[in-house]
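The values are calculated or read from the model by the stated rules, or taken from the named source; none is laboratory data. Keep in mind that what you see is a predicted model, and the values were worked out from it rather than measured. All Cβ positions, glycine included, derive from the backbone under ideal geometry; neighbour counts span all protein chains shown.
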Amino acid sequence: MLEKLFHLHSRGTNVRTEITAGVTTFLTAAYIIFVHPNILSQAGMDKGALTTITCLVAGLATLLIALWANAPLMMAPGMGLNAFFTYTLVLGEGVPWATALGVVFLSGVFFLLLTWLGVRERIVKAIPHSLRLAASVGIGLFIAFIGMQNLGLIVKSDAVLVQLGAFTPAVLLGLFGLGLAILLEAKKIRGAILLAILGTTLVGMLSGQSPFPDGLIALPPSPADIAFKLDIMGALKISLWASIFSFMFVDLFDSLGTMLAVCREAGMVDEKGDIPELPRMLTADALATVGGSLLGTSTTTVYIESASGVSDGGRTGLTAVVTAGLFLLSAFFTPLIGAVPAYATAPALMVVGIFMMRGIGQIDFYDFEEGAPAFLTFVLMPLTYSIATGLAFGLLSYVLIKLFQGRIRQCDPFLIGAAVFSLISLMV
């Protein structure tokens with residue numbers, strides 16, 4: 001039955017290898033179970049419900065892409081997009097979390113339409129490579145900045161906006177966790193971030209900084225306080241169009257880039273170098289975002305941590321089925337998950353930020369037509385506390401530079417349209 005469903009033999013794999021790969025993927029990405037609820041709970045959402053929803057969405061979305069596209073990919077609420085949801089939309093602009101979920105829902109619906117119409121890959125080709133890299137770098141800076149704030153390493157200052165915070169026991173424990181995560185990653189140990197979170201939590205409990213959990217296993221908290229509470233009509237305001245676009249833009253490149261990289265590594269390409277199941281993967285990605293918003297979470301996307309399972313031999317959807325099952329099972333360990341303090345998860349944000357900074361070396365800053373818009377993109381994201389603002393300045397400046405240089409014909413019509421849209425969003 002498994003052979004018929006997943007074509008193990010033709011992919012050059014077996015059940016044992018697929019199970020091992022699925023466990024590896026889960027271990028490298030399980031930190032999202034701790035980190036994501038911590039971020040979204042700051043938007044006023046119930047943390048217990050968020051923990052259940054995180055496990056549920058990650059499990060169901062991964063199961064969808066496993067069974068429909070037979071791909072060894074893992075999906076969960078995306079890092080960076082959850083920060084945009086909480087810190088920019090809700091806390092920054094005062095948008096109620098239910099309306100913010102409506103924004104995510106609409107971005108997913110439009111995303112689905114673009115996928116079905118074949119426009120999605122057309123948009124990818126229209127955006128300059130330098131701006132795609134800059135978006136990832138900017139989100140990495142943004143996430144790392146938030147991690148430092150959550151830890152208390154950086155605090156508000158009336159004189160210079162931000163400054164170094166006091167080295168309290170919690171901050172010291174967080175720095176210990178950061179060092180541990182970096183050391184484990186340097187040694188290429190699987191699940192380094194997860195191990196650092198658990199290790200920091202244990203040290204904090206033993207030192208009396210955090211209480212021990214009341215138990216290990218319990219029924220998952222009810223998601224009823226959040227599930228299906230989204231406000232779609234409220235999200236239709238013109239002032240939120242830029243946010244809808246930003247969610248679409250980031251997920252567009254994040255998911256597609258991850259799919260292409262992981263699937264090529266897994267040998268899921270035909271003789272022409274194309275990925276036959278890519279349309280199904282893209283549709284599953286969009287459906288996961290729509291479904292995730294209904295259940296009560298920010299944009300769901302494909303995780304690059306899927307590559308860890310592929311490197312362990314994962315080649316089919318069976319790998320993802322194992323990963324999905326572990327995420328669903330995790331919902332029953334909420335007492336342990338709820339006992340993880342903020343100082344233990346903050347370092348994870350910094351490490352993810354480091355990962356997302358890798359593309360900066362590929363940006364040509366000697367070419368100001370490419371370097372200047374990229375610089376504005378990734379610098380303004382953390383400084384304005386808004387992914388949307390960084391993207392808007394990057395797109396707009398790129399087109400304006402080409403216009404003043406007399407080379408506007410080098411810009412794809414889709415890019416010009418995005419720049420006009422960005423201008424409108426900045427003026428609203």
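For this structure, a couple of remarks:
- Note on region 218-322: enclosed helices (runs of 4 or more DSSP H) holding 2 or more residues that are in contact with a Phe, Trp or Tyr (Cβ under 6 Å, 6 or more places away or on another chain) are 278-295.
- Residue list for region 177-217, filter: of a type in the set (Gly, Ala, Ser) and part of a helix (DSSP H, G or I): GLY177, GLY179, ALA181, ALA186, ALA192, ALA196, GLY199, GLY204
- Among (1) of a type outside the set (A, V, I, L, M, F, W, C); (2) over 16 Å from ALA66 (Cβ atoms); (3) surrounded by fewer than 24 Cβ atoms within 10 Å (Cβ to Cβ), the one test that GLY296 misses: (3)
- Within region 393-418, being at pLDDT 85 or above and of a type in the set (Gly, Ala, Ser) holds for GLY394, SER397, GLY406.
- Qualifying residues in region 195-215 (those that are touching a Ser or Thr at 6+ places or on another chain (Cβ under 9 Å) and of a type in the set (Gly, Ala, Ser)) - the one surrounded by the most Cβ atoms within 10 Å (Cβ to Cβ): GLY204
- The lone criterion from (1) touching a residue at least 40 places away in the same chain (Cβ under 8 Å); (2) hydrophobic (A, V, I, L, M, F, W, C); (3) surrounded by 16 or more Cβ atoms within 10 Å (Cβ to Cβ) left unmet by ILE416 is number (1).
- The residue that is surrounded by the fewest Cβ atoms within 10 Å (Cβ to Cβ), among those in region 307-326 that are under 17 Å from ALA76 (Cα atoms) and of a type in the set (Gly, Ala, Ser), is GLY325.
- Test: residue in region 46-62 that is in a loop (DSSP other than H, G, I, E, B) and either crowded, with 23+ Cβ neighbours inside 10 Å or out of contact with any Gly (no Cβ under 8 Å at 6 or more places or on another chain) (or both): yes
- Residue in region 347-357 that is under 25 Å from PRO211 (Cβ atoms), small (Gly, Ala, Ser) and buried (at least 20 other Cβ atoms within 10 Å of the Cβ) present: yes
- Checklist (1) surrounded by fewer than 23 Cβ atoms within 10 Å (Cβ to Cβ); (2) within 28 Å of LEU161 (Cα to Cα) applied to LYS402, failing item: (2)
- Condition broken by THR88, with the remaining ones in (1) surrounded by fewer than 22 Cβ atoms within 10 Å (Cβ to Cβ); (2) closer than 28 Å to ALA346 by Cβ; (3) among the β-branched types (Val, Ile, Thr) satisfied: (1)
- Of all residues in region 106-127, those that are surrounded by 20 or more Cβ atoms within 10 Å (Cβ to Cβ) and touching a Gly at 6+ places or on another chain (Cβ under 9 Å) total 1.
- LEU131 being modelled with pLDDT of 85 or more and buried (at least 19 other Cβ atoms within 10 Å of the Cβ): yes
- One residue stands out among those in region 156-194 that are at pLDDT below 90 and aliphatic (A, V, I, L, M): the one that is surrounded by the most Cβ atoms within 10 Å (Cβ to Cβ), which is ILE193.
- The helices (runs of 4 or more DSSP H) falling completely within region 85-174 that include 2 or more residues that are touching a residue at least 40 places away in the same chain (Cβ under 8 Å) and within 16 Å of the chain's Cα centre (by Cα) map to 97-116, 129-151.
- Residue within region 403-410 that is under 25 Å from the mean Cα position of the chain (by Cα) and assigned to a helix (DSSP H, G or I) present: no
- Among the residues examined, THR334 does not qualify as more than 20 Å from the chain's Cα centre (by Cα), more than 23 Å from LYS47 (Cα to Cα) and either of a type in the set (Phe, Trp, Tyr) or assigned to a helix (DSSP H, G or I) (or both).
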